[in-house]
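Engineer: Can you keep this structure in mind? I'll have questions shortly.
None of the figures in this text is laboratory data; all of them are computed from the coordinates on show. Everything quoted here is computed from the prediction, not taken from an experiment. Here the Cβ is made from the backbone with ideal geometry for all residues, glycine too, and neighbour counts use every protein chain on show.
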Amino acid sequence: MKLGYVSLPGRGANDLFLAQIADALRGQLKLCGTVQTNITRADRRKCDMDLRLLATGEVLRISEDRGAFARGCTLDTQVLTEAVARSEAALAGADLLIVNKFGKTEAEGQGFAPLIAEALFAGIPVLVGVNALNLPAFEGFTEGIAQPLPEDAQHVIAWCLSARLIHAA
């Protein structure tokens, strides 16, 4: 099983890095999963969060607009569930699953957590973004099989390509 993760410092750093990796791998690997774009709005405390489905290029807004002074989580769990279902439908034949974030929902065993497990059991390599807050839950979920990857795009791209070769064998 090939499971790699990045955990970069800075708000949104994992999102930008994984989007860069996915863009670099487009045309080389059949990707499924998601990358996230955060859109800052001057009139809101919270950014808008969009997920790009890697299999189709479709973009889903996964944040709820709860007003200018919203605090706390703005995740729209129904849209997240839809993104998971669409990613699961694209998993067959994929070379790599990219999951933009192992977050609170995944730490609770929901969201993309079951799809990560499904991909690994099917022999499909997985690349995940994990923030420092959720790293202990991710390590518990992965039971020590996850490989930390450095903040080096070429290294991560090489890891993805080599993981795909192992999957194809």
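Engineer: Send over the semi-axes of region 94-156's equivalent ellipsoid, whole angstrom and largest first, taken as the square roots of 5 times the C-alpha gyration tensor eigenvalues.
Structural biologist: 17, 16, 10
Engineer: Add +1 for every Lys or Arg and -1 for every Asp or Glu among the other residues with Cβ under 13 Å from the Cβ of Gly129, and state the total.
Structural biologist: -1
Engineer: Per-residue counts of other Cβ atoms within 10 Å, averaged by peptide: what ranking do you get for 12-22, 120-130, highest first? Mind showing how you got there, number by number?
Structural biologist: Details: 12-22: 19.3, 120-130: 21.0.
Result, highest mean first: 120-130, 12-22.
Engineer: How much net charge surrounds Asn100 when only other residues with a Cβ under 12 Å from its Cβ are counted (Lys, Arg +1; Asp, Glu -1)?
Structural biologist: Net of charged neighbours comes to -1.
Engineer: Which GluC sites (Glu not before Pro) in region 105-140 sit in a loop by DSSP (not H, G, I, E or B) and have at most 13 other Cβ atoms within 10 Å of their own Cβ?
Structural biologist: Taking region 105-140 and a limit of 13 other Cβ atoms within 10 Å, the loop GluC sites (Glu not before Pro) found are Glu108.
Engineer: If you don't mind, another one. Express in whole angstrom the spacing between the alpha-carbon centres of region 124-145 and region 3-20.
Structural biologist: First find each Cα centre; the distance between them is then 12 Å.
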